[in-house]
Amino acid sequence: MSVSDAVKSFLAFCLLLGPGPTARAELFQLPTPNRALYQVGGQERYYVGTIGKPWSSGTFGCVRSGGFQFHEGLDIRCVQRDRQGEPVDPVYAAADGVVVYASTKPALSNYGNYVILRHRIEGLEIYSLYAHLRYVREGLRAGQAVKAGEVIATLGRTANTREGISKERAHLHFELNFFINDRFAEWYAKTYPGQRNDHGDWNGQNLIGIDPEEILLKQRRTHEPFSLLAHVRGQTELCRVLVQDNSFPWLKRYPTLLRRNPAAERDGIAGYEIALTFNGLPFQVTPRSVSEIKGKSKYILLSVNEAEQQARPCRRLVTKKSGRWELADNAIHLLNLLTY
């Protein structure tokens, strides 16, 4: 039997076993058999850092290049290998959901082979992404429902980056994301004329993340049922921006993130005040009436949390010029996509 056939047979066997073990009812399960995250001092055994860097460079956030490079997810170390040293860990669906995309052409993305699932939890659409896969489960396709703990792939080290991923660093790159705009492909073609977009709306630029580790750990520590919606609403604010536009896709996709404003309800909505996290997640959106808006620019920076900007500067959404805070090019780029 070839190595490929052996791995596929192992994956099929794992399918029969069903979900991986879990200590309690949780919204999200660990996406691989590696459970060191839940063990005291286990993070070094859970994460794979970048070459020559500590395990922390495999976590979410401003964790690379001295805190000035953003990492969108978690790099989860493999724990099972075949005789050639290649990873064979099954990759599990982190929650009940639906397959929205499966890419099996690793040369077309830094993600290599990757799968995206859509989950609906407490009125939120959240998307889990599983990348660098060795194999995507045969027959897995868009529109297919999956259960939490169901095997969807095999962990690997595929990517299209020049340096590649060594056997020693084989890992699952795992993300939890929000979907920005269902007109992304159109926006991309207009913004980058002549450039290829091999993944349509499922290009990574159309996803904006939240820290999976915080969710995985918090849902186990709380004595009350964990609320994903409350967790999202409780994110730390980097800045507030007034957007003079009263109709864009985010408003319909994530209505539970909108706050009521009697003045706007009474007088009509002229725009929205949006609170952004350090990486640009619009976690709080408040309608504003004409009387509440000062200025004519489409995007008006209202406030900046300077402590958060100092602690987590890697997305470079705001910049200070002549003592005044301004929206940086990255923020304008994000807002253009958000409101397209």
Measuring from its Cα centre, segment 117-232 shows a charge dipole (+1 at each Lys and Arg Cβ, -1 at each Asp and Glu Cβ) which, in debye to the nearest 20, is 340
Once the mean of 1/r over all distinct C-alpha pairs in the chain is inverted, the Kirkwood radius in Å reads 21.3
Taking protein heavy atoms only, a 1.4 Å probe, and rounding to whole percent, the accessible area of the chain owed to carbon and sulfur comes out at 49
Straight-line reach check, K53, cutoff 17 Å on alpha carbons, 8 or more apart in-chain or any other chain, hits among lysines -> K167
Out of N261, Q69, I165 - ranked by how far each Cα lies towards the positive end of the dipole of the chain, with unit charges on the beta-carbon of charged residues - the top one is Q69
Computed over segment 215-340, the relative contact order (Cα-Cα under 8 Å, seq sep at least six) in percent reads 27
Quick calc, the chain, dipole around Cα centre from Cβ unit charges on Lys, Arg (+) and Asp, Glu (-), nearest 20 debye, gives 360
Straight-line reach check, K320, cutoff 15 Å on alpha carbons, 8 or more apart in-chain or any other chain, hits among aspartates and glutamates -> E306, E308, D329
The relative contact order of the chain, taking Cα pairs under 8 Å that sit 6 or more residues apart, comes to a percentage of 15
Expressed per residue, the solvent accessible area of the chain in Å² (1.4 Å probe) is about 47
Counting only DSSP loop positions in segment 138-228, the trypsin sites (Lys or Arg not before Pro) whose Cβ has at most 13 other Cβ atoms within 10 Å are R141, K147, R162, K167, R196
Gyration tensor on Cα atoms of segment 193-340, a ≥ b ≥ c root eigenvalues, a/c under 1.5 rounded, else prolate if a/b beats b/c, else oblate, says rounded
Quick calc, segment 177-335, dipole around Cα centre from Cβ unit charges on Lys, Arg (+) and Asp, Glu (-), nearest 20 debye, gives 280
Dipole check, the chain, charges on Cβ (K,R +1; D,E -1), about Cα centroid: among Q29, Q80, S56 the Cα furthest to the positive pole belongs to S56
Classified through the alpha carbon gyration tensor (a ≥ b ≥ c as square roots of its eigenvalues; rounded if a/c is under 1.5, else prolate when a/b is larger than b/c, else oblate), segment 86-202 comes out oblate
With the dipole of the chain defined by +1 on each Lys or Arg Cβ and -1 on each Asp or Glu Cβ, the option from L301, N203, G323 whose Cα lies farthest towards the positive pole is G323
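Suppose only helical runs count, i.e. DSSP H with n ≥ 4. What mean residue ellipticity at 222 nm does that imply for the chain under -39500 (n - 2.57) per run, divided by all residues and rounded to the nearest 500 deg cm²/dmol?
Numbers: 9 runs with 70 residues, N = 340.
About -5500 deg cm²/dmol.
The values are calculated or read from the model by the stated rules, or taken from the named source; none is laboratory data. Small disclaimer: the values here were computed from a predicted structure and weren't measured. Cβ atoms come from the backbone with ideal geometry, glycine included; neighbour counts cover every protein chain shown. Accessible surface is based on the protein model in full, side chains and every heavy atom, while ligands, DNA and RNA are left aside. Shrake-Rupley method; radii C 1.70, N 1.55, O 1.52, S 1.80 Å.
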